[in-house]
Amino acid sequence: VMAEVTSPDVQAMKILGTETIPQAHGQLIADPGEGRAVLIVSGLQPLEPGLIYQFWLVQDGQLRRAGEYAVDDSCLGLLQVTPETAIGSYDAMGISMEPANRPDEPPNEMIMLVNFSS
């Protein structure tokens, strides 16, 4: 985690909650030219057993599953992300809440979302 956040070319990209969970916010901390990042999210509630938060990256209109994580009792979540290509090659990122037994299926609804070009 420290390597990602201390790189000289690191950038913090904000992600915000949608109307579903407007209090949620976070940052993806990454060097756009690298294939590693750290996602830090706040404002999401711990989930019931059987549910997970799923992190997605969007490239050329295609969703790419980039990991799953939980949040603690203080509503904080942390995920080390290692996508297939450099972070700068993606167009957007999102977070959904999904059943744990279906992690590879498309999301039902994005509860956090950001377009990198905005």
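The values are calculated or read from the model by the stated rules, or taken from the named source; none is laboratory data. Quick caveat, the model's predicted, so the values are computed rather than measured. Don't worry about glycine lacking a Cβ; one is built from the backbone with ideal geometry, like all the others, and counts go over all protein chains shown. What goes into the accessible areas is simple: the full protein's heavy atoms, side chains included, and nothing from ligands, DNA or RNA. Shrake-Rupley method; radii C 1.70, N 1.55, O 1.52, S 1.80 Å.
Structure summary
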quantity	calculated
Filter result (among the β-branched types (Val, Ile, Thr), surrounded by 19 or more Cβ atoms within 10 Å (Cβ to Cβ) and over 11 Å from the mean Cα position of the chain (by Cα)) within segment 74-109	Ile87
Residues of segment 21-33 satisfying the condition of being in contact (Cβ under 8 Å) with a residue 12 or more places away in the chain, open to solvent by 40 Å² or more (accessible area, probe 1.4 Å) and under 16 Å from the mean Cα position of the chain (by Cα)	Gln23, His25, Gln27
